[in-house]
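Here's the structure we're looking at; comments come further down.
The values are calculated or read from the model by the stated rules, or taken from the named source; none is laboratory data. Since the structure is predicted, the reported quantities are computational estimates derived from the model, not experimental observations. Every residue, glycine as well, gets a Cβ built from its backbone with ideal geometry; the counts of neighbours run over all protein chains shown. Please note that ligands, DNA and RNA were not included when accessible areas were found on the heavy atoms of the full protein model with its side chains. Shrake-Rupley method; radii C 1.70, N 1.55, O 1.52, S 1.80 Å.
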Amino acid sequence: MSRFWSPLVQQLKPYVAGEQLDLPGLVKLNTNENPYGPAPEVLAAIQRAAQSGQAGGDALRLYPDPQSSALRQAIATHHGVTPEQVFVGNGSDEVLAHAFQAFFRHGGPLLMPDVSYSFYPVYGQLYGIPCETVPLRADFSVDLQGYARPDGVCAGVVIANPNAPTGIALPLDQIEALLRLHPNRVVLVDEAYVDFGAQSAVNLLDRHPNLLVVQTLSKSRGLAGLRVGYALGSTELIEGLARIKGCFNSYPLDRLAQAGAVASFAAQGYFTQTCSRVMQSRDRLTQGLDALGFEVLPSATNFVFARHPQRDAAELAQALKAQAILVRHFPQPRIAQFLRITVGTDAQCERLLAALGGMVGTAQA
Ligand SMILES: *Cc1c(COP(=O)(O)O)cnc(C)c1O
């Protein structure tokens with residue numbers, strides 16, 4: 001605490017990101033990064049962007065395109081929408097922050113699942129938005145009825161689909177039901193993991209002007225370090241986001257990020273191949289955990305959420321860390337006995353399974 005902090009800052013509880021350790025031989029399965037990284041064309045494009053400019057290599061002297069026009073066009077083409085339906089930001093976390101400011105400060109409560117991305121309540125407190133959690137069912141599926149409000153009063157809905165950290169995907173007809181429940185409020189669908197086997201709500205955009213779909217290049221496109229995320233929605237929603245951006249940071253995406261992201265959308269073959277590799281490894285990892293006695297929730301993401309009926313999750317996470325394997329543990333109600341394990345390469349998954357096999361075996365001996 002400091003006497004210089006405003007009352008707001010004194011109260012804040014910032015989001016705690018997964019550790020970014022860098023040790024030799026570390027198996028890092030704690031922050032859902034993609035083990036394959038970006039397409040080679042992405043690195044080439046970033047290099048070209050850094051070296052271009054009239055005098056050669058002086059491109060970084062100049063501000064980037066504040067509208068990220070080329071990137072918004074590439075994203076629009078990829079999703080079959082217009083560039084006016086695309087907003088880009090410095091990671092989807094920034095896009096989410098702007099969306100909270102732009103659409104959810106209506107006075108009523110913002111509805112969200114009780115188990116979901118823990119950044120949502122953080123933005124809620126930053127922007128003074130009351131958040132109301134709607135419990136997932138016992139099997140961690142979404143209970144639609146819980147989002148109905150007889151008086152219609154709420155600030156909107158934010159939901160991750162597939163959900164994090166459970167990994168469970170919600171069918172599109174249920175997303176559509178949410179959109180119909182609150183036609184005068186924004187329903188934000190955070191699709192950070194959608195490319196690993198779930199259905200995107202993008203096809204619902206034509207029918208629902210209150211839908212905002214948020215995606216990121218951090219997971220399926222292997223570019224967590226580049227910080228690029230985006231929102232797709234009706235032009236009125238995108239304009240609302242642009243108004244916030246125009247009051248915050250005119251140049252959220254630097255030249256290198258814009259160039260690399262455009263190249264990522266051009267490398268479609270690499271994208272589909274690496275996504276399907278991750279999905280195959282996920283299924284193998286699920287079987288391996290299953291064989292060790294873990295209960296694994298059905299995942300449509302690049303991570304699995306699993307618990308062992310006899311072993312404490314926090315202790316398992318600690319023991320794995322001692323063997324240079326990082327996974328994520330959330331000491332929260334309902335999920336404190338689960339581990340969230342990112343799908344790595346098959347070799348990394350094998351190391352994890354071997355380590356867990358040793359621990360689970362020891363306990364039963
Ligand atoms: C990783 C993640 C994000 C943030 O992604 P960035 O684009 O890297 O900021 C947003 N939402 C969910 C649910 C995520 O898991």
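When the range 40-266 is described by a simple charge dipole with +1 on each Lys and Arg Cβ and -1 on each Asp and Glu Cβ, the residue from 166, 63, 253 located farthest towards its positive end is 63.
The share of accessible area on the range 40-266 that comes from carbon and sulfur is 51 percent, using a 1.4 angstrom probe. Annotation: per residue accessible area for the range 40-266 equals 41 Å², rounded to a whole number [probe 1.4 Å, protein chains only].
Hey, what number do you get for the chain at 222 nm if only DSSP H runs of n ≥ 4 count, each worth -39500 (n - 2.57), divided across all residues, to the nearest 500?
The helix contribution divided over the chain gives -11500 deg cm²/dmol.
Along the Cα-to-C-beta direction of residue 249, a point sits 7 Å from the Cα; which residues of the range 14-57 have their amide N less than 19 Å from that point? Of the residues in the range 14-57, 14-18 have backbone N under 19 Å from the label point off residue 249. Note on the chain: with a GNM built from Cα contacts shorter than 10 Å, the maximum mean-square fluctuation among 92, 276, 68 falls on 276.
Kindly state, to the nearest 0.05, the FRET efficiency for residue 105 paired with residue 180, given R0 = 30 Å and r defined as their beta-carbon distance.
0.85
Between residue 153 and residue 70, the contour length at 0.36 nm per residue exceeds the alpha carbon distance by 25.9 nm. With contacts taken as Cα pairs under 8 Å and at least 6 residues apart, the chain reaches a relative contact order of 23 percent.
Placing pseudo-labels 7 Å out from each Cα toward the beta carbon at residue 323 and residue 1 gives an inter-label distance of 4.4 nm.
Distance between the pseudo-spin-label points of residue 127 and residue 58 (7 Å out from Cα toward the beta carbon): 4.1 nm.
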